[in-house]
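Undergrad: Got a structure for you, questions after.
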Amino acid sequence: MTVTPLTGLTSAEAASRLARDGANLLPQKPPVPLWRRIAMQLRDPLIVVLLVAAVLTVTTGDWADAAVIMLVIVVNTTVGVVQEIRADRAITALAQLAGPEARVVRDGHQQQIPSSDVVVGDLLILAEGDIVPADAEVGESAALLVDESALTGESVPVDKPVGKPVASGTVVVRGRGRAVVTATGAASASGRIATLMVKGAGLTPLQRRLAGVGRLLAGVAVLLSAVVLALGLVRGQPVELMVITAISLVVAAVPESLPAVVTLSLALGARRMAARSALVRKLPAVETLGSVTALATDKTGTLTEGRMVARHVWTPTAQAAISGTGYAPDGEITGDAGAFEKLLTAAVLCNDARLSPPQDDGGDWTALGDPTEAALLAAAAKAGLDRKQVQHRLPRLAEMPFDSDRKRMSTLHQLPGGGARLICKGAPEALLHHPVLVDGPGLLARAAAQAERFAKDGYRVLAVASADLGAAPATIEESGLSLLGLIAILDPPRPAAATAVADCKRAGIRPILITGDHPGTARAIATELGIIAAGDRVVDCREPAALDHVQAGVYARATPEQKLDIIQSLQAQGGVLAMTGDGVNDGPALRRADIGVAMGRRGTEVARQAADLVLADDNLDTVVAAVEEGRRVYANIRRFLVYGLSGGAAEIAVMLLGPFAGLALPLLPAQILWINLLTHGLPGVALGGEPTVPGAMADPPRPPSQSILGAGLWQRVIRIAVVLTAVTLGVAVWAAATGRPWQSMAFFALGATQLGVALGSRTRPGTLANPMLLLAVAGAFVLQLAALYVPPLRQLLSTQPLTAGDLLIVTALSVLGYAAARLDRILHPSHRPQGPSETLR
């Protein structure tokens, strides 16, 4: 059926095409079934290790300990699944579909329909403020201007005359028109970009590191437990007892609380981020940000406000800067504002935009119409000019709208004393020549040179001219005007962006700007924010071999496909890359990056669905806070590993060395499991709530290839384990030599000393920070006492009560665990050149 801009489709034809092509929706991932979410959680290497530990405890017949381990698995899996489901629901609630409704002509009449029902061939009615619901070709245009920044990254709206295409998801900022739909859904520009967002599931940096730890622990634990088994059999111990003992040691060596610690740390991080207006879609994203070595960011709406602001005015006799941000009339013009009154008055008159004050306290001024024209109104307001008064004093008689061929707009106004004033504004190259202007060649040359300087600094430059006529002409002739001046306009950086960039650099994170905007504009913003120095290279992605410059700080004119290539090139260097963005064109890069961060307020649905983290307040410094939170999470995991592994290593060492000190079987299997349950239980999990180490953001990112046991951690584990082993064996040997219940004293000493290490592992000792750790240690200590004095537990663990004197001696010696943990930080600080010192200072 042939469709003309006059008739549109019939309802029957539209229904037929909707059934044939499907709804006008972007490709959506099918919902993840619950069983698959659970399977993904259970497939985690940490959970696999934990399941093995559960099987081993069942083998020992210790059903109580097996039940505790299974409880940890269930809780860990439940928390992970619930967090993912909640995040998905929150993202759905946050999502604002591009063009929820559309106006079309069907059966010869205008109709309002859901955008999902738009089909190829529909005749769209477009007006100021509308979101284009599908790709279309303009059939009628009246000064139609479209903001395509979400799709292309260009900060300047684009004129759309008849015959030009408009893309789905873009916004009409001025004028009106009609357009025939050419593509919907997956076939549209937004849909084609969405198909690029295919990313295979991979392990996060944390998961890769912990998987390596799991394999190492399993191998070492099995090997050493086999040695203990062999030594016991050689000494004539019962086979069944030694097998159970060896299995118990394997269980003790595997810190089964590690998944719970990881989950708690990530959940606390996600909660803190939510309080900072950041929605974590998946828990590992918090830690991944802590591993980031480079932060690639879009420009428009991310580093910048997404609102045009006039920064400079120039006339043939004066020049001034304009302060202030956004569309609010707050700010001033340096120098004599009266020198620019005629220029700014003309800018107000030759203008179709409107500004609206905030609707509530703390809100922002908003603009309706061309953002560039709105910037002119804001500049005039800073000079004390009121739009309504100016337009009332000089009412408009006629106009010639802006179009892409003329690159200018003209309006005719009635003068108070009679006659008319013709005003023209537009691109300098469209005005600064004869016969449009009658000024001399010297002035035109000066103005052109100044416009070129503004353009090189990244500004969009408008020239404004006028002429007073004796009478209003029948038609507007754009000639014979005199130059009033130039206005330089820029989408300014967000106030917090420079601080965020500086914080990234201080933390050793390399900031990179990737934008579809003009190289000059990109350079200006990047230089002002400190991303690059004044003379650094800006890569224009239209140049051949542009993507070979992997060390560049700015990439301009980048297409969505090129953004993907840049991300892959940066990842090939071995770093961990975060990517921020808000547009449809950012979606594939957000998906490809190690972690994608989308803007929630201004961002598009494509960007939000592609991201791992959504910033509800669009504030870039929240990313920096997330990096700090990620480092806190990683530090607490390492803190727990020191605590848990040193205790497990000490238990194995006691069992290995005890027989050589005359202790046939230093600890029974049940005693080993009891100590493991108390120390790796609540105290271990509570370590995941430790606050951030002061100065964590002053350290460089940890190398991506670095093991979680690197930067001196495994040496620290050994040093603390030596102290724990020495205290335990020393107490046992002395007690055996003096006729005391040596096995019960060794049992109590090993558990209590490990609890001392937990207290010594605190970030801020001597304070009430993380009170849950203090309560957990106190509770575990009470249970350790109960194992000596409560008859049912004594029978279960084969312990004997200690005298008050013996108990006091062992308790006093357990303080050596605290001293060992604290002194090790002083004597052996973290290896800062190899990674951040968040480890365990």
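Undergrad: Select, from 621, 617, 594, the only residue that is crowded, with 24+ Cβ neighbours inside 10 Å and among the acidic types (Asp, Glu).
TA: Step by step, each of 621, 617, 594 is checked, and only 594 is crowded, with 24+ Cβ neighbours inside 10 Å and among the acidic types (Asp, Glu).
Undergrad: While we're here: Which ones in region 531-560 are closer than 16 Å to residue 515 by Cβ and assigned to a helix (DSSP H, G or I)?
TA: Passing the criteria: 546, 547, 560.
Undergrad: Give just the number: which of (1) under 27 Å from residue 455 (Cβ atoms); (2) among the aliphatic types (A, V, I, L, M); (3) surrounded by fewer than 17 Cβ atoms within 10 Å (Cβ to Cβ); (4) touching a residue at least 40 places away in the same chain (Cβ under 8 Å) does residue 321 not satisfy?
TA: In the conditions (1) under 27 Å from residue 455 (Cβ atoms); (2) among the aliphatic types (A, V, I, L, M); (3) surrounded by fewer than 17 Cβ atoms within 10 Å (Cβ to Cβ); (4) touching a residue at least 40 places away in the same chain (Cβ under 8 Å), residue 321 misses (4) alone.
Undergrad: Also, I was wondering about something else. crowded, with 24+ Cβ neighbours inside 10 Å and not aromatic (Phe, Trp, Tyr): does that describe residue 673?
TA: Against the criterion (crowded, with 24+ Cβ neighbours inside 10 Å and not aromatic (Phe, Trp, Tyr)), residue 673 qualifies.
Undergrad: Among the numbered conditions (1) free of Cβ contacts under 8 Å to residues at least 40 places away in the same chain; (2) in a helix (DSSP H, G or I), tell me where residue 755 comes up short.
TA: The number of the failed condition is (1).
Residue-by-condition table, conditions (1) more than 14 Å from residue 724 (Cα to Cα); (2) assigned by TED's automatic domain parsing to the domain that holds residue 712; (3) surrounded by fewer than 24 Cβ atoms within 10 Å (Cβ to Cβ):
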{"site": "601", "(1), (2), (3)": "yes, no, yes"}
{"site": "607", "(1), (2), (3)": "yes, no, no"}
{"site": "613", "(1), (2), (3)": "yes, no, no"}
{"site": "636", "(1), (2), (3)": "yes, yes, no"}
{"site": "641", "(1), (2), (3)": "yes, yes, no"}
{"site": "645", "(1), (2), (3)": "no, yes, no"}
{"site": "648", "(1), (2), (3)": "no, yes, no"}
{"site": "657", "(1), (2), (3)": "no, yes, yes"}
{"site": "662", "(1), (2), (3)": "yes, yes, yes"}
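Undergrad: Check residue 154 against each of (1) at pLDDT 85 or above; (2) outside any strand (DSSP E or B); (3) of a type in the set (Asp, Glu) and name the one condition it does not meet.
TA: Of (1) at pLDDT 85 or above; (2) outside any strand (DSSP E or B); (3) of a type in the set (Asp, Glu), only one is false for residue 154: (1).
Undergrad: Can you pull out the residues in region 275-286 that are assigned to a helix (DSSP H, G or I) and either modelled with pLDDT under 75 or closer than 20 Å to residue 773 by Cα (or both)?
TA: Correct list: 284, 285, 286.
Undergrad: Here's another thing I want to ask about it. Can you name the condition, by its number, that residue 482 falls short on among (1) in the same structural domain as residue 339 (by TED's automatic domain parsing); (2) assigned to a strand (DSSP E or B); (3) buried (at least 22 other Cβ atoms within 10 Å of the Cβ)?
TA: The single condition residue 482 does not satisfy is (3).
Undergrad: Tell me whether region 371-380 contains one or more residues that are within 36 Å of the chain's Cα centre (by Cα) and either free of Cβ contacts under 8 Å to residues at least 12 places away in the same chain or surrounded by fewer than 21 Cβ atoms within 10 Å (Cβ to Cβ) (or both).
TA: So far as region 371-380 goes, no, none of its residues is within 36 Å of the chain's Cα centre (by Cα) and either free of Cβ contacts under 8 Å to residues at least 12 places away in the same chain or surrounded by fewer than 21 Cβ atoms within 10 Å (Cβ to Cβ) (or both).
Undergrad: What do you reckon, is residue 721 buried (at least 22 other Cβ atoms within 10 Å of the Cβ), hydrophobic (A, V, I, L, M, F, W, C), in contact with a Phe, Trp or Tyr (Cβ under 7 Å, 6 or more places away or on another chain) and under 26 Å from residue 802 (Cβ atoms)?
TA: Here the answer is no, as residue 721 does not meet what is asked.
Undergrad: Residue 301 fails exactly one of the following numbered conditions: (1) buried (at least 18 other Cβ atoms within 10 Å of the Cβ); (2) of a type outside the set (Phe, Trp, Tyr); (3) out of contact with any Ser or Thr (no Cβ under 8 Å at 6 or more places or on another chain). What is the number of that condition?
TA: Going through (1) buried (at least 18 other Cβ atoms within 10 Å of the Cβ); (2) of a type outside the set (Phe, Trp, Tyr); (3) out of contact with any Ser or Thr (no Cβ under 8 Å at 6 or more places or on another chain) one by one, residue 301 breaks only (3).
Undergrad: Can you name every residue in region 1-22 that is surrounded by 15 or more Cβ atoms within 10 Å (Cβ to Cβ), modelled with pLDDT of 65 or more and of a type in the set (A, V, I, L, M)?
TA: The answer is 9, 14, 18.
Undergrad: Okay, moving on. Can you find a residue that is closer than 28 Å to residue 520 by Cα and over 47 Å from the mean Cα position of the chain (by Cα) anywhere in region 450-462?
TA: No: region 450-462 contains no residue that is closer than 28 Å to residue 520 by Cα and over 47 Å from the mean Cα position of the chain (by Cα).
Undergrad: Six or more apart or on different chains, Cβ under 6 Å: which pairs go from a residue in region 471-493 that's under 29 Å from residue 307 (Cβ atoms) to one that's buried (at least 17 other Cβ atoms within 10 Å of the Cβ) and of a type in the set (Phe, Trp, Tyr)? Could you list them?
TA: The qualifying pairs are 485/314; 486/314; 488/454; 488/459; 490/459.
Undergrad: Which condition number in (1) among the charged types (D, E, K, R); (2) in contact with a helix residue (DSSP H, G or I) (Cβ under 6 Å, 6 or more places away or on another chain); (3) crowded, with 22+ Cβ neighbours inside 10 Å is the one that residue 628 fails?
TA: Here residue 628 meets the rest and fails (3).
Undergrad: Looking at (1) acidic (Asp, Glu); (2) out of contact with any Lys or Arg (no Cβ under 6 Å at 6 or more places or on another chain); (3) farther than 11 Å from residue 102 by Cα; (4) touching a residue at least 24 places away in the same chain (Cβ under 8 Å), which is the only condition residue 117 fails?
TA: (3)
Undergrad: Confirm whether residue 427 is assigned by TED's automatic domain parsing to the domain that holds residue 346, closer than 28 Å to residue 335 by Cα, surrounded by 15 or more Cβ atoms within 10 Å (Cβ to Cβ) and free of Cβ contacts under 8 Å to residues at least 40 places away in the same chain.
TA: Answer is yes for this residue.
Undergrad: Any residue at all in region 561-570 that's closer than 22 Å to residue 151 by Cα and part of a strand (DSSP E or B)?
TA: no
Undergrad: Looking at this structure, is residue 834 under 19 Å from residue 675 (Cα atoms) and either surrounded by fewer than 19 Cβ atoms within 10 Å (Cβ to Cβ) or modelled with pLDDT of 60 or more (or both)?
TA: For residue 834, the condition - under 19 Å from residue 675 (Cα atoms) and either surrounded by fewer than 19 Cβ atoms within 10 Å (Cβ to Cβ) or modelled with pLDDT of 60 or more (or both) - is not met.
Undergrad: Please specify each residue of region 728-756 satisfying the condition of being under 16 Å from residue 656 (Cβ atoms), more than 44 Å from the chain's Cα centre (by Cα), hydrophobic (A, V, I, L, M, F, W, C) and surrounded by 19 or more Cβ atoms within 10 Å (Cβ to Cβ).
TA: Of everything in region 728-756, those that are under 16 Å from residue 656 (Cβ atoms), more than 44 Å from the chain's Cα centre (by Cα), hydrophobic (A, V, I, L, M, F, W, C) and surrounded by 19 or more Cβ atoms within 10 Å (Cβ to Cβ) turn out to be 729, 732, 746.
Undergrad: Go through the residues of region 232-239 one by one and say whether even a single one is crowded, with 18+ Cβ neighbours inside 10 Å, in a helix (DSSP H, G or I) and modelled with pLDDT under 70.
TA: There is no residue in region 232-239 that is crowded, with 18+ Cβ neighbours inside 10 Å, in a helix (DSSP H, G or I) and modelled with pLDDT under 70.
The values are calculated or read from the model by the stated rules, or taken from the named source; none is laboratory data. Not measured: the values here are computed from a predicted model. Cβ sites come from the backbone with ideal geometry, for glycine too, and all protein chains shown count toward neighbours.
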